[in-house]
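Notes to accompany the following structure.
The values are calculated or read from the model by the stated rules, or taken from the named source; none is laboratory data. Because the structure is predicted, anything quoted here is derived from the model rather than measured. Counting neighbours? That spans all protein chains shown, and the Cβs are built from the backbone with ideal geometry, glycine included.
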Amino acid sequence: MLSSKALGPAVNRFLAVGAVLTIGALSLTACGGGSSAPASGGASSAGKVGVSLIVKTTTNPYFVAMEDGAKKAAEGGNIDLKLAAGKSDGDEDTQIQAIENAISKGDKGILITPNGPAVVDAIKKARDAGLFVIALDTPPDPANAVDITFATDNFAAGKQIGQWTAAQLDGKKATIALVDLFSDKVVSVDYNRDQGFLEGMGIPTADKTKNGDEAKTGKYTGGKGGDYEIVGNQASQGAEDGGRTAMETLLSKNPNINVVYTINEPAAAGAYEALKAAGKEKGVLVVSIDGGCTGVNNVKSGIIGATAQQYPVKMAQLGVKAIQDLATTGKKPSTSEGLDFFNTGSALVTDKAVPGLTSIDTAAAAQICWGK
């Protein structure tokens, strides 16, 4: 197995160049598109640049870290930062009200992690009013509903954990439980992670923008390849209690589940508790996406086999800086080459490295998890 210590300089280069993007790495160009954004205007308090950060919920530490990153970026600058959040993941109404508040206060820009498609009309209203709108973490549908998105490549992150899972199976049958985000609405972060995981496993997908329409049985081609069975998809709302309920439901359908994909680490923690309560935690591969400090510790302890680490603090810092630069220079941020968003990177985190699959171990990940 390869650890970060064994990889040495290679890991350091990976962390510096690939996964952990600094604010200085953001390329700013005078590209077009989106709302009109002159250098003047958007001052909301004592001549400061008004910025509203609207996250999905503060019950998830991921979005708390994002708020902390925005506050840090605003310190000592000419930024008047306002914070708002949905009452829960999926609460679109509270986010819509926060967007309307930002418009009425004359903010220069909005940073938002959209809770669902209903916020798109409110975002259009804000852009029509001259606000520059940046999505963080979750691209809206369509992607051009905002001026730009700073986010993880969620499909690539899902693919990483799928490839790792297939390799760990070593040719054994995969009996798979998919613990997704929503069942009542469609958001890109949900289907991109799910579908990326399946592609990483080597399981053919049908519509890549839809969860649950792939063949329920067949062959996976990742790793050594083998048979697979998908027990089902259950929504978790991205929460620990939702993950536990989802896992209980899936176990009732098939108690022989040996692979559990989860939308995020709170859902993974809940799924593990359900497995443990049923006496099924041994021999089950639980994989996830987030890379928070708690999640990294859960990888270290074996609760989660592998996770894909994201960088929400960087997303927020880059977003605040982009709006500040826009207000002072008139220049707009650009997307990553070949993508319709700015990719803030991800890293596969596991203590069971797979030859040929780039990863970092939990010791390295703990040094760069949220808030570090």
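Cβ-Cβ contacts under 6 Å between residues 6 or more apart (or on different chains), taken from a first residue in the stretch 261-290 that is closer than 21 Å to Glu199 by Cβ to a second residue that is acidic (Asp, Glu) and part of a helix (DSSP H, G or I), are listed as Ser288/Glu265; Asp290/Glu265.
Put simply, of Val179, Val120 the only residue that is without any contact (Cβ under 8 Å) to a residue 40 or more places away in the chain, of a type in the set (A, V, I, L, M) and either surrounded by fewer than 20 Cβ atoms within 10 Å (Cβ to Cβ) or not in a helix (DSSP H, G or I) (or both) is Val120. Residue pairs whose Cβ atoms lie under 6 Å apart, separated by 6 or more positions or on different chains, with the first residue in the stretch 225-254 and under 20 Å from Ala277 (Cα atoms) and the second surrounded by fewer than 19 Cβ atoms within 10 Å (Cβ to Cβ) and among the aliphatic types (A, V, I, L, M), are Leu251/Ala278. Being modelled with pLDDT of 95 or more and either among the charged types (D, E, K, R) or out of contact with any Gly (no Cβ under 8 Å at 6 or more places or on another chain) (or both) is a description that does not apply to Lys48. Checked against (1) outside the structural domain of Lys224 (by TED's automatic domain parsing); (2) acidic (Asp, Glu); (3) assigned to a loop (DSSP other than H, G, I, E, B); (4) more than 18 Å from the chain's Cα centre (by Cα), Asp141 meets all criteria but (4). Screening Gly200, Gly212, Gly222 for residues that are surrounded by fewer than 17 Cβ atoms within 10 Å (Cβ to Cβ) and either outside the structural domain of Glu273 (by TED's automatic domain parsing) or at pLDDT 95 or above (or both) leaves exactly one candidate, Gly212. Here Ile134 passes the criteria (1) farther than 19 Å from Gln195 by Cβ; (2) assigned to a helix (DSSP H, G or I) except the one numbered (2).
Results for (1) within 30 Å of Lys48 (Cβ to Cβ); (2) not assigned by TED's automatic domain parsing to the domain that holds Lys253, shown as yes or no for each residue.
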residue	(1), (2)
Ala274	no, no
Ser288	no, no
Val299	no, no
Ala327	yes, yes
Pro333	yes, yes
Leu339	no, yes
Thr358	no, yes
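Consider Asp107 carefully, then state whether it is out of contact with any His (no Cβ under 9 Å at 6 or more places or on another chain) and either modelled with pLDDT under 95 or farther than 23 Å from Lys314 by Cβ (or both). No. For the subset of the stretch 243-300 comprising residues that are under 19 Å from Asp89 (Cβ atoms), of a type in the set (Val, Ile, Thr) and surrounded by fewer than 24 Cβ atoms within 10 Å (Cβ to Cβ), which member is farthest from the chain's Cα centre (by Cα)? Selected residue: Thr249.
Of all the criteria given as (1) under 30 Å from Val133 (Cα atoms); (2) in contact (Cβ under 8 Å) with a residue 40 or more places away in the chain, the one not satisfied by Pro355 is (1).
Inside the stretch 97-123, can you point out the residues that are within 19 Å of Lys87 (Cβ to Cβ), over 24 Å from the mean Cα position of the chain (by Cα) and of a type in the set (A, V, I, L, M, F, W, C)? Result: Ala102, single match.
The number of residues in the stretch 158-186 being over 14 Å from Ile289 (Cβ atoms) and aliphatic (A, V, I, L, M) comes to 7.
Looking only at the stretch 333-372, how many residues end up being within 27 Å of Gly109 (Cβ to Cβ) and touching a Leu at 6+ places or on another chain (Cβ under 6 Å)? Matching residues across the stretch 333-372 total 3.
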